[in-house]
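A short write-up of the structure that comes next.
The values are calculated or read from the model by the stated rules, or taken from the named source; none is laboratory data. All of these numbers come straight from a predicted model, not from anything done at the bench. With ideal geometry, Cβ positions are generated from the backbone for all residues, glycine too; neighbour counts draw on all protein chains shown.
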Amino acid sequence: MNKISYYPGCTLSNTAKNFDLSARESMKALGWELDELPRWNCCGTVYSLASDNLINHVAPIRLLVHTQELGRDKLTTLCSMCYHTLKMSNLMVQKDRDKLEKINFFTKDKDAEYKGRVEVLHLLEILKNDIGFANIKEKISRPLKGLKLASYYGCLLTRPKAAAIDDVEMPTIMGDLINSLGAQAVYDPCLTECCGSYHTVMDQEVVADKAERIISSAIKNGAEAIVTSCPLCFFNLDERQKNILEKTGKAYDLPILYFTQLLALGLGLGPEVCKFDLHHIDPRPLLKAKSII
Amino acid sequence: METKVNLIPIHVMGKQYMVPDTLTVMKAMEYAGYQLTRGCGCRGGICGACGIAFRLPDSYKIEVGLACQAMAQPGMYLAVLPFFPNKRGIHDLNKVKAAVDTFKALYPEVFKCVSCNTCTKSCPMSIEVMDYINAVIRGDIVQAAELSFDCVMCGLCTSRCPAEISHANVAILARRLYGSQITPRAEHLAKQVEQVKAGKFNEGLDQLKKADVNKLKELYKAREAEPDNTPDEWAPKSNDYL
């Protein structure tokens, strides 16, 4: 069994347990253990772009220190926001040693100093580079035949270029995974549009508009569901369909899925690891219609 | 025989006193003439009433501790913090859920935590304060309750927190939710209360009340008590009163 240090993050431990559980179980089926950090804190949520606001980088760097203390040089995570924050803060201190020294000076009373050598990886990168989509294809016992899926990357997986897990303009990593599961990836031009992000707290209307644009585009291109890697994108696309219905009277009823849920189903795992009860739009009727569950 | 006392200078709220170097800060203050009616409680490091903040010479650090535990050190400058204002999220325990949303509503500032760990560094009980705050953030109320169990509510973490969190009260909420909604109900307790009400113990208590001192001593010596290091399988020989 391969082991990799895993940072679940707060949302995956709470409202996105469907993402966390399906990932852990799928990886186990692939011979990998997602080894949760024994101690962890919030990642900081948003990568601070202010050049003089180092305190906001203490949280992500602390997680890299915990990984380093375990003698590991890689840390993987699933949530796009966690990935982005960890990746960007790591790149920042790797590039700017003065900032690293300042953060270390602040944290060193209790924790070891960060040496800057941990690599932050999104789980999709491990699936692609360490396991290989061809190998995954071989292990698929329940091909997701006839399922047409639009990949939705949102902002944080491919921007900025330094933190991108794939091509910035035309990422295919999620689509390639979908195809290797036996489903059909459909092209959707909205794949890297913003979902409206945290506007969902202050202005649900703005997010409902964004979500409708993304959802209707996916449907126009033949998708029967949207696949994502971000709990916030998931929430905005799934839950805000309520607002779209109220506002426009249109019931799109398009299921939103995490890529790990599809991976789990393809690997023959039961729907219980996918926790579909956490979805606003229930994907089960679609999956039943395709004889997947 | 003459005992030599080594006197050292300490500064209490800016005024210098010469005190023996073997004393805690609390005893040193009393030696210097302070009569403590506030900021003094158990004197055993467990009530949390005697918080202090201090600095030492040749160090930039702000240190905190309990006056009854911290030793007087040469050249220390200290101030007492018998009380530190804490925010209290008023709630009806029967109406709040054991979920992260309860903390979002009552203590939204918890989510301002930047994981600086200053709270943990300031805790005189060596609690992993930052870790329990983060457990709250991710909705892990069990871990928050367990990690915070030793809290004495001195408020020193709050005095140092850049996110202005009232840690001790957040922890109390976590433990109240844990105790009332997460831990299993003690079914055997209700059964025992029923037995008490039904008078199962009346006769035994009456006998004790009527017994003379010698009889009581005898019964006390012969009583069967749970041993100090109780093995897992320990059970009393008689089940009469269970």
Residue set B:Val170, B:Val193, B:Val213; condition surrounded by 10 or more Cβ atoms within 10 Å (Cβ to Cβ) and farther than 30 Å from B:Asn86 by Cα; output residue B:Val193
### Message
Based on this model, can you work out whether B:Pro124 counts as in contact (Cβ under 8 Å) with a residue 40 or more places away in the chain and not polar (S, T, N, Q)?
### Response
yes
Worksheet item: Is it the case that the stretch B:17-40 has a residue that's closer than 15 Å to B:Leu156 by Cα, touching a residue at least 24 places away in the same chain (Cβ under 8 Å), part of a loop (DSSP other than H, G, I, E, B) and in contact with a strand residue (DSSP E or B) (Cβ under 8 Å, 6 or more places away or on another chain)?
Response: yes
Taking the stretch A:18-40 and keeping residues facing another protein chain (nearest Cβ under 10 Å) and in contact with a Leu (Cβ under 8 Å, 6 or more places away or on another chain) leaves A:Trp40
Note on A:Glu119: of the conditions (1) touching a Lys or Arg at 6+ places or on another chain (Cβ under 9 Å); (2) buried (at least 16 other Cβ atoms within 10 Å of the Cβ), unmet is (2)
Item to check | Any chance A:Ser217 is assigned to a loop (DSSP other than H, G, I, E, B) and either buried (at least 23 other Cβ atoms within 10 Å of the Cβ) or of a type in the set (Ser, Thr, Tyr) (or both) | outcome: no
Taking the stretch A:225-242 and keeping only residues that are over 20 Å from the mean Cα position of the chain (by Cα) and surrounded by 18 or more Cβ atoms within 10 Å (Cβ to Cβ), one is left with A:Gln241
Of the residues in the stretch A:1-50 that are out of contact with any strand residue (DSSP E or B) (no Cβ under 7 Å at 6 or more places or on another chain) and among the small types (Gly, Ala, Ser), the one that is surrounded by the most Cβ atoms within 10 Å (Cβ to Cβ) is A:Ser26
Of the residues in the stretch B:66-98, those that are surrounded by 15 or more Cβ atoms within 10 Å (Cβ to Cβ) and within 14 Å of chain A (Cβ to nearest Cβ) come to B:Ala98
Quick count over the stretch A:15-54, residues being in contact with a Pro (Cβ under 7 Å, 6 or more places away or on another chain) and outside any loop (DSSP other than H, G, I, E, B), is 3
Filter the stretch A:143-198 for residues that are touching a strand residue (DSSP E or B) at 6+ places or on another chain (Cβ under 7 Å) and in a helix (DSSP H, G or I); the one that is surrounded by the fewest Cβ atoms within 10 Å (Cβ to Cβ) is A:Asn179
Residue count, the stretch A:240-292, condition part of a loop (DSSP other than H, G, I, E, B), more than 30 Å from A:Phe133 (Cα to Cα) and out of contact with any helix residue (DSSP H, G or I) (no Cβ under 8 Å at 6 or more places or on another chain), comes to 1
Per the list (1) in contact (Cβ under 8 Å) with a residue 40 or more places away in the chain; (2) more than 30 Å from B:Val136 (Cα to Cα), residue check on B:Arg176 breaks on (2)
Subset of the stretch A:69-111, residues among the hydrophobic types (A, V, I, L, M, F, W, C) and away from every other protein chain (no Cβ under 13 Å), comes to A:Leu70, A:Leu75, A:Leu78, A:Met81, A:Met88, A:Leu91, A:Met92, A:Val93, A:Leu100
Here the residues within the stretch A:232-264 that are among the aliphatic types (A, V, I, L, M) and either touching a residue at least 12 places away in the same chain (Cβ under 8 Å) or within 24 Å of A:Leu181 (Cβ to Cβ) (or both) are A:Leu232, A:Leu237, A:Ile244, A:Leu254, A:Ile256, A:Leu257, A:Leu262, A:Leu263, A:Ala264
Residue hits (the stretch B:63-92; at pLDDT 95 or above, among the hydrophobic types (A, V, I, L, M, F, W, C) and assigned to a loop (DSSP other than H, G, I, E, B)) are B:Ala67, B:Cys68, B:Ala70, B:Ala72, B:Met76, B:Ile90
Subset of the stretch B:117-148, residues surrounded by fewer than 19 Cβ atoms within 10 Å (Cβ to Cβ), touching a helix residue (DSSP H, G or I) at 6+ places or on another chain (Cβ under 7 Å) and not in a helix (DSSP H, G or I), comes to B:Glu128
Here the residues within the stretch B:113-136 that are within 10 Å of chain A (Cβ to nearest Cβ) and either charged (D, E, K, R) or touching a strand residue (DSSP E or B) at 6+ places or on another chain (Cβ under 8 Å) (or both) are B:Lys121, B:Glu128, B:Asp131
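Residue-wise test of (1) within 30 Å of B:Asn94 (Cβ to Cβ); (2) not assigned by TED's automatic domain parsing to the domain that holds B:Ser122.
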| site | (1), (2) |
| --- | --- |
| B:Leu147 | yes, no |
| B:Ala163 | yes, no |
| B:Ile172 | yes, no |
| B:Val193 | yes, yes |
| B:Glu226 | no, yes |
| B:Pro231 | no, yes |
| B:Asp240 | no, yes |
Filtering the stretch A:194-242 down to residues that are among the aromatic types (Phe, Trp, Tyr) and at pLDDT 95 or above yields A:Phe234, A:Phe235
